[in-house]
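A short write-up of the structure that comes next.
The values are calculated or read from the model by the stated rules, or taken from the named source; none is laboratory data. Quick caveat: nothing in here was measured; it's all calculated off a predicted structure. Neighbour counts are summed over all protein chains in view; Cβ atoms, including those assigned to glycine, are modelled from backbone coordinates with ideal geometry. All accessible areas refer to the heavy atoms of the entire protein, side chains included, with ligands and DNA or RNA removed. Shrake-Rupley method; radii C 1.70, N 1.55, O 1.52, S 1.80 Å.
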Amino acid sequence: MNQTINPPLQPLTGEQIEFFKEQGYFLYKRGMSSDLIDAFNGHIYDIRHQEPVPEWAACADHEKFSRRLFNPHKHDSFSRQAMKHPIIRGGLAQLMGREAVCVQSMYFYKEPGAPGQASHQDYYYIKNDPMTMIAAWVAMEERVDEENGCLWAMPGTHKLGLLPHGTVRNLEEHEHWTDETEGIDTSRQIPVVMEKGDILFFSELLIHSSNKNRSKDRWRRSYVCHYIREDSNILHREDLRQKYPLY
Ligand SMILES: O=C(O)CCC(=O)C(=O)O
């Protein structure tokens, strides 16, 4: 029997790879099917709807469906399957030049009224060597826009290296426990409006943020995984050392 692993897909064109290199991100339209996203949203809802809630997903009762669920890929096979999505696996292999492994996942509920995250570079939180980290941010709603707290990105800033980060300045808009980039005018950030199933790939040095969900009744669910090249290693963060292959 042939034991070889199937090679990753090559979903990105040369032009798209070039765009990523220049701008620090690339938006892949409709990478995941609407059916898959409905099933995954339902599954994540069920995890915290159980009695009792599994220990790894435990939270206060009033927070069951708010803010985020950390690292579901470590405990839940559906979350791992979504993390390994063939378009993501293939896109990352093209952008990194080798297969990627996953080190972190987050499922954001971001309910109406929930704060966003101040501008930052992911590398500030997750150091890795060599530096290869890329995030894949998947839209889990029909539409993710300025009103329900979409991501904002500052094109080209992945070329600036790691910038200083300090205390969050606008607590009305952003979560207090994160840090914010300093010494740079972040008004050049652009909103990344996305539709259900769109996948945003972005570099660990790209400055990005999100604002409060200001809608009355539109959630802003998303599934965000962070990946490094298979030969990179996570520094400092013991909790994110384990590498999850994508095949
Ligand atoms: O989705 C958000 O609101 C913030 C996500 C983010 O900044 C990240 O995953 O690095």
Is at least one residue of region 220-229 under 21 Å from residue 125 (Cβ atoms), open to solvent by 10 Å² or more (accessible area, probe 1.4 Å) and not in a strand (DSSP E or B)?
no
Of 245, 155, which residue is surrounded by fewer than 19 Cβ atoms within 10 Å (Cβ to Cβ), out of contact with any Phe, Trp or Tyr (no Cβ under 8 Å at 6 or more places or on another chain) and not β-branched (Val, Ile, Thr)?
245
Would it be correct to say that residue 119 is touching a helix residue (DSSP H, G or I) at 6+ places or on another chain (Cβ under 8 Å) and either within 20 Å of residue 69 (Cα to Cα) or free of Cβ contacts under 8 Å to residues at least 12 places away in the same chain (or both)?
no
Using the structure shown, decide if residue 171 is farther than 22 Å from residue 130 by Cβ and more than 12 Å from the ligand (Cβ to nearest atom).
yes
Which one is least open to solvent (accessible area, probe 1.4 Å) among residues in region 182-195 that are assigned to a loop (DSSP other than H, G, I, E, B) and touching a strand residue (DSSP E or B) at 6+ places or on another chain (Cβ under 6 Å)?
189
Name the residues in region 151-160 that are away from the ligand (no atom under 12 Å from the Cβ) and within 12 Å of residue 192 (Cβ to Cβ), would you?
154, 155
Considering region 196-209, residues that are more than 10 Å from the ligand (Cβ to nearest atom) and assigned to a strand (DSSP E or B), and then whichever is farthest from residue 34 (Cα to Cα), we arrive at 203
Collect the residues in region 209-247 that are more than 20 Å from residue 134 (Cβ to Cβ) and either in contact (Cβ under 8 Å) with a residue 12 or more places away in the chain or within 16 Å of the chain's Cα centre (by Cα) (or both), keeping them in residue-number order.
211, 212, 213, 214, 215, 216, 217, 218, 219, 220, 221
In region 158-181, residues that are open to solvent by 80 Å² or more (accessible area, probe 1.4 Å) and either among the hydroxyl-bearing types (Ser, Thr, Tyr) or in contact with a Pro (Cβ under 9 Å, 6 or more places away or on another chain) (or both) total 4
Which one of the conditions (1) open to solvent by less than 20 Å² (accessible area, probe 1.4 Å); (2) within 11 Å of the ligand (Cβ to nearest atom) does residue 212 fail to meet, given that it meets all the rest?
(1)
Among the residues of region 141-150, is any away from the ligand (no atom under 13 Å from the Cβ) and part of a strand (DSSP E or B)?
yes
When the residues of region 118-133 are filtered to those that are within 11 Å of the ligand (Cβ to nearest atom) and under 19 Å from residue 26 (Cα atoms), which remaining residue is most open to solvent (accessible area, probe 1.4 Å)?
123
